[in-house]
Each structure stands twice: as C-alpha cells, then as structure tokens.
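Visitor: Before I ask anything, let me first share the structure, which is written out below as structure tokens.
The values are calculated or read from the model by the stated rules, or taken from the named source; none is laboratory data. Every value quoted in this text rests on a predicted model; they were computed, and no experiment measured them. Heads up, the Cβs are rebuilt from the backbone with ideal geometry, glycines too, and the neighbour counts pull from every protein chain shown. Just so you know, the surface numbers come from the protein's heavy atoms only, side chains and all, with ligands and any DNA or RNA stripped out. Shrake-Rupley method; radii C 1.70, N 1.55, O 1.52, S 1.80 Å.
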Amino acid sequence: MARNYLRIAEVVKICGVDEAFVKRLERERVIHGIISQNRKLYPLDQVDRVRVARLLIEEMGVNLEGAEVVLHMREQMIAMHRRLRELLRRLEEHKTS
C-alpha cells in the first residue's frame, strides 16, 4: 500500500530544500501538514506543492506571493483537466450505448 503522508525529513530530501523552507511555506499557508501521533506529516499533494514552489522561487526567481498564485492556477488547471477527461469518458460511454 502506498504511503499517503511523509515526514518533514522525507519532504526535505525529496524536494531538495531545507527544513526552514518547508516551515516558511507552512507559516505563509502555502502548504499545510497534519499532526499524527505527535508528528507533523505532509500529504503527497502538499509535497508536490513544496517541489513546485522550490522550482518557482529558487530556480525561476518568482517571489512567494507569485508562487502562491501560480500554484493556485496550476491546481485549477489540473481540476479542469480532470473534469474534461470525465466529460470525454461520459461522452464515449454514451456514444457506445
């Protein structure tokens, strides 16, 4: 079974950032974690947000506020893509029935 949450040390390693960067994103409410058994854990979608935020901020020179906007737009685009795929699937089902 795949793990759905990661500890901060794992997030740091996967995303190539330091712990302070992750904590800053959380403090600025760009990401959020959960507390489980007295440990802070991050859902996989939040780990992806850390990865993209690092790319935007450190490699592309976007400021934190700009990165937040891009992350929000990216999530909207992903949701629209999912809806489009579902619509196409339903149309295909309707066509074959």
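Visitor: Under the condition of being more than 20 Å from GLY66 (Cβ to Cβ) and in contact with a Phe, Trp or Tyr (Cβ under 9 Å, 6 or more places away or on another chain), which residue from the range 19-36 is surrounded by the most Cβ atoms within 10 Å (Cβ to Cβ)?
Guide: GLY33
Visitor: If you go through the range 37-68 one residue at a time, how many are β-branched (Val, Ile, Thr) and either free of Cβ contacts under 8 Å to residues at least 24 places away in the same chain or open to solvent by 20 Å² or more (accessible area, probe 1.4 Å) (or both)?
Guide: Step one: of the range 37-68, the residues β-branched (Val, Ile, Thr) are 47, 50, 52, 57, 62.
If we keep only those that are either free of Cβ contacts under 8 Å to residues at least 24 places away in the same chain or open to solvent by 20 Å² or more (accessible area, probe 1.4 Å) (or both) as well, we get 52, 57, 62.
Count: 3.
Visitor: While we're here: Of the numbered conditions (1) at pLDDT 95 or above; (2) out of contact with any Leu (no Cβ under 7 Å at 6 or more places or on another chain), ARG7 fails exactly one; give the number of that condition.
Guide: Of everything listed in (1) at pLDDT 95 or above; (2) out of contact with any Leu (no Cβ under 7 Å at 6 or more places or on another chain), ARG7 misses just condition (2).
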